[in-house]
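First up is the structure itself, then whatever we jot down about it.
The values are calculated or read from the model by the stated rules, or taken from the named source; none is laboratory data. Because the structure is a prediction, the values reported are computed rather than measured. Glycine also receives a Cβ, built like all others from the backbone with ideal geometry; neighbour counts cover every protein chain displayed. Calculation scope for accessible area: heavy atoms of the full protein, side chains included, ligands and nucleic acids excluded. Shrake-Rupley method; radii C 1.70, N 1.55, O 1.52, S 1.80 Å.
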Amino acid sequence: MANGASDALKVRRDVWKLDTWDPILVWYAKAVAEMQSRPINDPTSWRYQAAIHEYIRDSDPYATVADKLPSDRQRFWNQCQHSTWFFLPWHRMYLLYFEQIVAAAVEKLGGPKDWALPYWNYSEYRSIDKVLQLPPAFYAINTPDGKPNPLRVEQRDSGLNDGVPIHFQSPEQDVDLSCLGDALFVGLAEGGHPGFGGPSTRSPRHGGGPGGGLETTPHGDMHIAVGGPAGFMSSFATAALDPIFWLHHANIDRLWDVWTGRAGHANPTDKNWLTQRFEFHDKDAEAVALTPGQVLTTTVAPLAYRYEDVTDPQAQPDRKLAFAVRSPVMPSASVPEMVGATDHAVALTASAATTASMNIVTATGPARMAMAAGPGTTRQSAYLNIENITSNGVPGSYAVYLDLPAGADPQQHQDLFAGTLPMFGVAEASRPDQEHPGSGLQYVLEVSAIIERLKAQGLWDPSRLAITFVARRQQGGYADVQIGRVSLYYQ
């Protein structure tokens, strides 16, 4: 075959550059069906692989009384890394062993030995027609041989299985790649820059804190966009049951490669990050382990794959996306200082915009000079923290605006757009258990550029800030959201 590699490396292809039923997708479908036929206690089974991400028995749509749960589930399940600097390396390892298991199933069924996982490059919507639709092989009723299509799951947002494009109000925001401009991989766990790859956490973390830029957008936004109010992709516990999950994460992994290709960008060198050990099963169901330090370069063992295209989309003017809400400059090295916070919880619904406000005080600590300089001078940084986001169900994503005029149409004030809040995994993060503290999600949005524009226009009030939350999808079925606090930090 099959993937057409001209060297020893596997090549992960762009799914939208393949024919509808390219052999790569035909064999993926066959392998998925094979894996789905295996019992949940088989580490190479479809359900076991999904449970590595997270497993909640009450949320398992395929649970039966005949299930025999594996004895090693405490060791290997519920391991997905979110809101941490381990997000990217852990998911790279997860994809690696999943790809090996699928490839082994492909070979067992008579397919090629070099099968590789494709990726879904949804951010290329300006240059590739229909890329914001699901690839047709993922919603076809049957495979080319007339059998039911295992790549299609019914639990997706409305219309996607009919070839309707994803319901994005502003695709340039939801699949925005301005995170590629984040100069730092490692962010702060509280207050300041969240980093491209997430905040430093001394141990693995299964959610609960701020995520890095890439984890938020486009990663989280795409999960909610595909899953909708009741689909697999919207929840930690079911996301990996959708075959499109793996193509989505292959693209996220590819974007890490794009980021490292930029001048001045570098992965962490901290020993605590490089040597953290994570366990999986290989294609023979044998326990294996890797560390982030072993998976930094995709083209060498144990990875040995490359992506078809790792072109930097923002390096080419004709492909550059419209929004760049994050600062392209290196964040200040000073300690973030909280200068304002809401004094009560904020309730959000999908039916109406909600505005909260806070008083801002003058910084007195290391950030006392932040935002004090006039337009055109060296700019310090400002970060909006949205904390303790909880919900009992699956909400949609929210857009955040600063100082939006009363009664104004947010679509007419995109200069005030601060970022999105995708609610991927919020229900799990809101429920206290051994995997989650129950404190919900947290997001950090850099708002320095917006404040600078407001200053330049004479519209910035240094003592008070209004924050407006607008639901991205206002159709029925989405749950309400509670925000514990919104705070502003200068750094």
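If I stretch the segment between residue 357 and residue 271 completely, what's the gain in nm (0.36 nm per residue apart, minus their alpha carbon distance), one decimal? Numbers along the way, then the final one.
Details: separation 86, 0.36 × 86 = 30.96 nm, distance 4.13 nm.
Length difference between fully extended and current span is 26.8 nm.
Remark: the range 152-163, residue by residue, has Karplus-estimated 3J(HN,Hα) of 9, 10, 6, 7, 9, 4, 4, x, 5, 7, 10, x Hz, where x stands for each Gly or Pro and the curve is 6.51 cos²θ - 1.76 cosθ + 1.60 at θ = phi - 60°. For residue 404, nonlocal amide neighbours, meaning residues 5 or more places apart or on other chains whose placed amide H falls under 5 Å from its own, are 468.
Counting alpha carbon pairs within less than 8 Å and at least 6 residues apart, what relative contact order, in whole percent, applies to the chain? The partial results should precede the final answer.
Details: 1083 pairs, mean separation 90.2, N = 491.
Averaging sequence separation for qualifying contacts and normalising by length gives 18 percent for the chain.
With the helix formula -39500 (n - 2.57) applied to DSSP H stretches of n ≥ 4, the chain reaches a computed 222 nm mean residue ellipticity of -5500 deg cm²/dmol. The angle separating the long axis of helix 87-108 from the principal Cα axis of greatest extent in the chain is about 20 degrees. In order along the range 190-198, the phi-based Karplus estimate (6.51 cos²θ - 1.76 cosθ + 1.60, θ = phi - 60°) of 3J(HN,Hα) comes to 8, x, x, 3, x, x, 5, x, x Hz; Gly and Pro are listed as x.
Non-local lysine pairs in the chain, meaning eight or more places apart or on different chains, with alpha-carbon distances under 21 Å, amount to 16.
Between residue 190 and residue 71, the modelled labels are 4.3 nm apart [label points 7 Å from Cα along Cα→Cβ].
Compared with the dominant principal axis of the Cα atoms in the chain, helix 23-36 is inclined by about 80°.
Entry note, the range 163-212: relative contact order of 25 percent, from Cα contacts under 8 Å with a spacing of 6+ residues.
For the pair residue 412 and residue 260, a Förster radius of 35 Å applied to the C-beta separation gives a FRET efficiency near 0.40, rounded to the nearest 0.05. 3J(HN,Hα) along the range 236-245: 3, 6, 10, 3, 7, 7, 8, x, 6, 3 Hz, from the Karplus curve 6.51 cos²θ - 1.76 cosθ + 1.60 with θ = phi - 60°, whole Hz, x for Gly and Pro. Taking every DSSP bridge with both residues inside the chain, close to 85 percent are antiparallel. Peptides 250-262, 274-286, 59-71 ranked from most to least packed give 250-262, 274-286, 59-71, packing being the mean of other C-beta atoms within 10 angstrom over each peptide's residues.
Ligands, DNA and RNA left out, the accessible area of the chain computed with a 1.4 Å probe is 50% carbon and sulfur.
Straightening the chain between residue 8 and residue 172 buys 55.4 nm, computed as 0.36 nm per residue apart minus the Cα-Cα spacing. Let's test the formula: R0 of 25 Å, r as the Cβ-Cβ distance of residue 145 and residue 64. What FRET efficiency results, to the nearest 0.05? For residue 145 and residue 64, the calculated efficiency is 0.35.
Remark: spin-label model distance residue 36-residue 108 equals 1.6 nm, labels positioned 7 Å along the Cα→Cβ axis. Look at the alpha carbon pairs under 8 Å that are at least 6 residues apart: their mean separation over the length of the range 175-322 gives a relative contact order of 17 percent. Alpha-carbon geometry of the range 74-196: the Rg and the Dmax are 18.4, 55 Å, given in that order.
Averaged over its residues, the chain has an accessible area of 37 Å² per residue, based on protein heavy atoms and a 1.4 Å probe.
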